[in-house]
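Chemist: This is the structure I have questions about; it appears just below.
The values are calculated or read from the model by the stated rules, or taken from the named source; none is laboratory data. Being a predicted model, the structure only gives us computed values, none of them experimental. Because the Cβ atoms are built from the backbone with ideal geometry, glycine has one as well, and the counts that use them run over all protein chains shown. Side chains included, ligands, DNA and RNA excluded: accessible areas come from the protein's heavy atoms. Shrake-Rupley method; radii C 1.70, N 1.55, O 1.52, S 1.80 Å.
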Amino acid sequence: MNYISLIDELGIDIDTITTLDDTKIIRLKKQLKAKAVLDNKSNLGELASIIDQLKDETTRKHHIFIEKHKWLKQVITGDYSNIPQNSISIHHESIADTESLKYFLSPYLKEHVKPFLSETLTKGKYILLLNFVKSNILFTEEIEQLIISLFSSKLNYAKVYIESGKLKEKHYPVGFITNRNFVKCLSQYPNSFDDEVNELNSVIIDTYNSKRKQVTDDSFIFAAKTMVAFGELDISNYMLKDILTTNAAIASPYAHNSARKTSKSKSGTGVGIWSVIVFLILIVRIGVKVFKSDNSSTNYYDQYDRISVPNTNYQKENILERIKEIQKKREAEENQTVYNTEQEVEETILETTESNTITEGKIPKTVTLPDYNSKHKSKDHVRFIYSLKLKTNRKTKTKSSIKTTPLNAFTNPYPKTFNTIHSYKNNTISTYSLVKNNSRKDLIVFRLTNGIDQSIIIPKREWRYLNITKGDSILFYTGHQFVADRFSHFKESAELSRLYKIETLSNNSEINILPQTIKVNFNKDFKTNVTTIDSTLTDNIKTDKINLEPLSIDNIYARWYRNKYN
C-alpha cells in the first residue's frame, strides 16, 4: 500500500496537522469532500479514514515525522527514483514513540522496501543504499527480514553468475559485490550472511587463482576488487573474518590494475602468498562448520587464538588436528577460574534478586527494579568494574535455568549500589549528551562521577540524552538477557568496553555505540616462512563534539588494590 499525504492531497501544511482538534477535523473533512467533488476523486473514504485517525496525537506525530523526512515519504509513496544519495537522515526529536512509529511505517515499507532497494542497487546508488539500511531504527523485525532476504538472494545470484562463467561476458550484473558500501550494508546484519559470503568467497578465490598469472585480466581485477571490498565486512564468524581480511590485504595491490604487468607478480613471492590463501580457504571451508555454533563473545582485552600458517602444503588430517587443538584450547579457557579476588567481589557487591523475574519460555514482562536508600550506595566501584571485566572475559555460559529479568527501558539495572543517570528522551537540555545504542544488544552505561556513581540501561536501537559532564568516566556494557542476582550481569553475548574519561565536550554532543570490530594483525617470520594471525575485539564508538580518553581498568584496579591493602 502507498502512503497518502494529506499535505499533498488537501494543500495543508505541517502546522495545520500539528494544531488539529475535533472542530478542525470536521472542517477538514468538509474541505476534503468539496475537493473530491471538484477533482473527481475516488479515494474519498480512505482519505476520510486517515483524517479520523488524526484525532490520536501519536498518529498525528507519525504523519508529521514522515512529512519532515522527504526521503522516507518518497520511499513509502513509491516515488524513489530521484532521492539524493546523501539526503537520508533522521531527526530523532521528531519521533513520538519508536515502536509505534515502526509499526505505523511497516505496511508501507513492506510494499516498497524490496523494489526500492533493488532499483537503488541496479542504479549503483550505494551511498543511498547504505544510508537507508542504517536507518534501522524505523524498521520492524519483518522489514529487516525482507532486507536480509533481498541481500541474501543477491549474494546467491552473484555466486551462480560467476560459477556459470558469465563473468567473462560482462561484470555489470554483479558489480555490486566489488563496492565497499554494499559490503557495509551487509555489515548491518553480521549474523545473517555467513554461508552466502563463505560460498561466494570460495568462488571468487577460484577465479582469482585461475587468473593470478594474468594480472591485467578483467576477471582477475574483478576478483581482486571483490576481495578488497569484503575485507571490510563486519561478520560474527571471526575465522571467516580473518580469511576475508587476509584476502583483502593480498589482493589490494591488484584491485585497480596498478600497472603490475611485470614478471614480478609471477615470481616465487606470489607462490608463497598463494599457499597462505589455499591454506586459509581450506581452514574456512572446514572450520566454519566446526565453529558455527560457537557464538560466544569476548572482551577486546582477550586475544583470539593465534594460528600459525607455514607456507607448505597441508594434508586434511593435519588441518583437522589444528582445528581440534584450537577447540580444546578454547574449552580449557572457558573452564578456567580467573583470580580468587572475583569470588570475594561477587560476595561483597550485591544486586537485587526480584520475585518477578522470569524463566525462559514464559512471556516476558518488563520491570523496574526497586530503588534503595542512598546509604547503601557506593562512591567507589573500582572493584566492581574490575570484577565485571573478569566475568566478561571468562566467557563461561550462564546456566539456562538462571532466571532473567527484562528491565524497563531507561531504568537503573543496579539500583542497590548505583543511582540512575538522569536522562531525557528529547533534546530538552543542550548540555546533555545523546547516546545511541546501535550495538545490536542491550546497553548499560556506567557513569563514574563525584559522589555516588550512576547507571542506566538503553535497549538496542534506542537512544537517550544523558547527563554526563567533563571529568566523568564512562563505561559501556552490552549483552542479551539481563540477570539480576548476587552479581547482576548479561547472560548472553556480554561485552565490556574500555573505561573512558571525558576530556572535553560541547553542547549537543553525541556518542554512538556500534558493534565491536575485529582487528587482525599478520606477522610473517621470513626465517621460518611462518605467518601468524592475531585477532582482537576492539571498541567501535563514534563521537561528535566529545573527546573520550581510554583508561586501563587493570592499572586503575592495581593502584586501588595497593592503596587499600598496602
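Chemist: Please report, in debye to the nearest 20, how large the charge dipole of the range 1-136 is about its Cα centre when each Lys and Arg carries +1 at its beta carbon and each Asp and Glu carries -1 there.
Modeler: Working: 19 positive and 18 negative charges, 58 e Å.
Dipole about the Cα centre, nearest 20: 280 debye.
Chemist: Would you kindly state how much longer the chain becomes between MET1 and TYR172 on full extension, computed as 0.36 nm times their sequence separation minus their alpha carbon distance, in nm to one decimal? Spell out each step's value before the answer.
Modeler: Working: separation 171, 0.36 × 171 = 61.56 nm, distance 3.18 nm.
Fully extending the segment from MET1 to TYR172 adds 58.4 nm.
Chemist: Using a simple spin-label model with points 7 Å from Cα along the Cα→Cβ vector, what separation in nm is obtained for LYS123 and ASN408?
Modeler: 4.6 nm
Chemist: Follow-up question, since we're still on this one. Quick check: pseudo-label points 7 Å beyond the Cα along Cα→Cβ at ASN426 and THR538, how many nm apart are they?
Modeler: 3.9 nm
Chemist: Still on this structure, please answer the following. So if I take the alpha carbon set of the range 398-445, get Rg, then get Rh from the Kirkwood formula, what is the Rg over Rh ratio?
Modeler: Details: Rg = 13.9 Å, Rh = 13.4 Å.
Reported Rg/Rh (Cα atoms, Kirkwood Rh): 1.04.
Chemist: When the solvent-accessible surface of protein heavy atoms is calculated with a 1.4 angstrom probe, in what order do LYS425, LYS168, LYS73, LYS389 fall, highest first?
Modeler: On the way: LYS425 70, LYS168 170, LYS73 35, LYS389 10 Å².
Sorted descending by solvent-accessible area, the residues read LYS168, LYS425, LYS73, LYS389.
Chemist: Further, regarding this structure: Can you give the extra length, in nm with one decimal, that the chain gains between SER552 and GLN145 once fully stretched, where that is 0.36 nm per residue apart less the Cα-Cα distance?
Modeler: 142.6 nm
Chemist: Okay, moving on. How would you order 115-121, 25-31 from highest to lowest mean count of nearby Cβ atoms within 10 Å?
Modeler: Working: 115-121: 17.6, 25-31: 13.4.
Highest to lowest by the protection proxy: 115-121, 25-31.
Chemist: Same structure, new question: Roughly how many Å² of THR538 are accessible to a 1.4 Å probe, to the nearest 10?
Modeler: Surface open to solvent at THR538 totals about 40 Å².
Chemist: Between beta-carbons, use under 12 Å as the cut-off and find the net charge around ILE458, counting Lys and Arg +1, Asp and Glu -1. Kindly include the intermediate steps, with their values, before the conclusion.
Modeler: Numbers: positive: LYS425, LYS436, LYS441, LYS460, ARG461, ARG464; negative: ASP442, GLU462.
Charge balance near ILE458 sits at +4.
Chemist: So how compact is the range 140-256: Cα radius of gyration and Dmax in angstrom?
Modeler: Using the Cα atoms of the range 140-256, the pair Rg, Dmax is 13.7, 48 Å.
Chemist: Could you tell me the calculated FRET efficiency between GLU163 and LYS460, based on Cβ-Cβ distance and R0 = 35 angstrom, to the nearest 0.05? Walk me through the numbers on the way to the answer.
Modeler: Details: r = 37 Å, r/R0 = 1.06.
Efficiency, from the Cβ-Cβ distance: 0.40.
Chemist: Now a separate question. Which residues among the range 437-474 fall inside the zone where the amide N is under 18 Å from a point 7 Å beyond the Cα of ASP380, along Cα→Cβ?
Modeler: 448-454, 473
Chemist: Determine the shape class of the range 39-185: with a ≥ b ≥ c the square roots of the Cα gyration tensor eigenvalues, call it rounded for a/c under 1.5, and otherwise prolate if a/b is greater than b/c, oblate otherwise.
Modeler: Details: a/c = 2.51, a/b = 2.10, b/c = 1.20.
Judged from the Cα gyration tensor, the range 39-185 comes out prolate (a/c at least 1.5, a/b above b/c).
Chemist: In addition: Per the 1.4 Å probe, what fraction of the accessible area of the range 137-221, in percent, lies on carbon and sulfur atoms?
Modeler: Values: 1560 of 3650 Å².
The value for the range 137-221 is 43 percent carbon and sulfur by accessible area.
Chemist: Let me ask something else about it. By how many nm would the segment from ILE14 to ALA48 lengthen if fully extended, with 0.36 nm per residue of separation less the alpha-carbon distance? Could the numbers behind the result be given before it?
Modeler: Numbers: separation 34, 0.36 × 34 = 12.24 nm, distance 1.79 nm.
Computed gain between ILE14 and ALA48 is 10.5 nm.
Chemist: Given the pairs LYS416/LYS436; LYS114/LYS519; LYS416/LYS519; LYS114/LYS441; LYS70/LYS114; LYS102/LYS377, which span a C-alpha to C-alpha distance of over 29 angstrom in this model?
Modeler: Details: LYS416/LYS436 26 Å; LYS114/LYS519 33 Å; LYS416/LYS519 37 Å; LYS114/LYS441 26 Å; LYS70/LYS114 19 Å; LYS102/LYS377 38 Å.
Correct reply: LYS114/LYS519; LYS416/LYS519; LYS102/LYS377.
Chemist: In debye, nearest 20: dipole of the range 180-237 around its Cα centre with unit charges on the Cβ of K, R (+) and D, E (-)?
Modeler: Working: 6 positive and 9 negative charges, 70 e Å.
Charge dipole of the range 180-237: 340 debye, to the nearest 20.
Chemist: Shifting gears a bit: Kirkwood Rh, Cα Rg: Rg to Rh for the range 381-565?
Modeler: Working: Rg = 17.9 Å, Rh = 17.7 Å.
Radius of gyration over Kirkwood radius for the range 381-565 works out to 1.01.
Chemist: Probe radius 1.4 Å, ligands and nucleic acids ignored: give me the carbon and sulfur share of the accessible area of the range 381-565 as a rounded percent. Before the final figure, lay out the partial values.
Modeler: Working: 3470 of 7750 Å².
The nonpolar share, carbon plus sulfur, comes to 45 percent.
Chemist: For the range 172-218, state the average projected area of the convex hull of the C-alpha atoms over all orientations, rounded to one decimal in nm².
Modeler: Numbers: hull surface 15.6 nm².
That works out to 3.9 nm².
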